[in-house]
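Undergrad: Have a look at this one before I ask anything.
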Amino acid sequence: MSYYIAGVDEVGRGPLVGDVVTAAVILDPSKPIPGLADSKKLSAKKRESLFSQITQHALAWSIGRASPQEIDELNILHATMLAMKRAVQGLSIQPHHVRVDGNRCPDWHYCSEAVIKGDSLFAEISAASIIAKVTRDAEMVALDLRYPAYGFAQHKGYPTKLHMQKLAELGPLAEYRMSFKPVQQSLVNRHGQLAGK
């Protein structure tokens, strides 16, 4: 009987905008994918190439997410845990064991372990980190096409200097996480400026 291990990772806890995206992957031991590593250490081109290999060769893979509204309601940690649950529940094969990148697992019935720096240690977590990162980056590029003035394709929603300038200038969109301090601050500043006009 096969024993299925899923790897789980998230991307997008730090950004001010968009969903937190998680992925769960069960790799096929008979089809190893060379070059799997922490998605942050790979070039965008390499990630894209590995993404297509993972989606073709993995036994199962799934994406879970939590929306900006859920993040505002639950806080980013609980929303991430919810997104991880959704990713694992969405797998077409249910795993016997789950390895989660980081220092905690969601509250669920799966046999699981949290692995700090797991995306550098276990191929299935690396694969999950690549799936989540490529998916979220593509969503930021799509958002950039809708709102080019914000520069989402460049900063991917993270609070870079450019992003903070654009947020101060233009104000937040509905896709922003309103509970995040820089977003709240931009609202306060904009209302102050508008009131002062």
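What follows is calculated from the coordinates using simple rules that are stated; it is not laboratory data. It should be emphasised that the depicted structure is a prediction, and the values quoted were computed from it without experimental measurement. Positions of Cβ are generated from backbone atoms using ideal geometry, with glycine treated the same way; all protein chains shown enter the neighbour counts.
Undergrad: Mind giving me the FRET efficiency for Asn189 and Ala37? R0 is 35 Å, r the Cβ-Cβ distance, nearest 0.05 is fine.
TA: After rounding to 0.05, the efficiency reads 0.30.
Undergrad: Right, something else. Taking just the alpha carbons, could you work out the radius of gyration and Dmax for the chain, both in angstroms?
TA: 18.1, 71
Undergrad: I'd like to know which of His96, Ala58, Asn189 lies farthest towards the positive end of the charge dipole of the chain, counting +1 on Cβ of Lys and Arg and -1 on Cβ of Asp and Glu.
TA: The one lying farthest along the dipole's positive direction is Asn189.
Undergrad: Right, something else. Total Lys pairs in the chain closer than 16 Å by alpha-carbon, pairs eight or more apart in sequence or interchain only?
TA: Going through the chain pair by pair, I get 12.
Undergrad: I'd like the chymotrypsin sites (Phe, Trp or Tyr not before Pro) in segment 75-146 restricted to DSSP loop residues with at most 16 other Cβ atoms within 10 Å, sorted by number.
TA: Qualifying residues, ordered by number: Trp108.
Undergrad: I've got another one for you. Based on DSSP, what percent of beta bridges with both residues in the chain are antiparallel, to the nearest 5?
TA: Counting only bridges with both partners in the chain, antiparallel ones make up about 60 percent.
Undergrad: Label-point separation (nm) for Ile116 and Lys46, each offset 7 Å from Cα along Cα-to-Cβ?
TA: Output for this residue pair reads 2.5 nm.
Undergrad: Also, quick follow-up: What FRET efficiency would be calculated for the residue pair Ser30, Ala153, taking the C-beta separation as r and a Förster radius of 45 Å, to the nearest 0.05?
TA: 0.75
Undergrad: What is the order of Phe152, Phe51, fewest Cβ neighbours within 10 Å to most?
TA: Listed from fewest to most nearby Cβ atoms, that is Phe51, Phe152.
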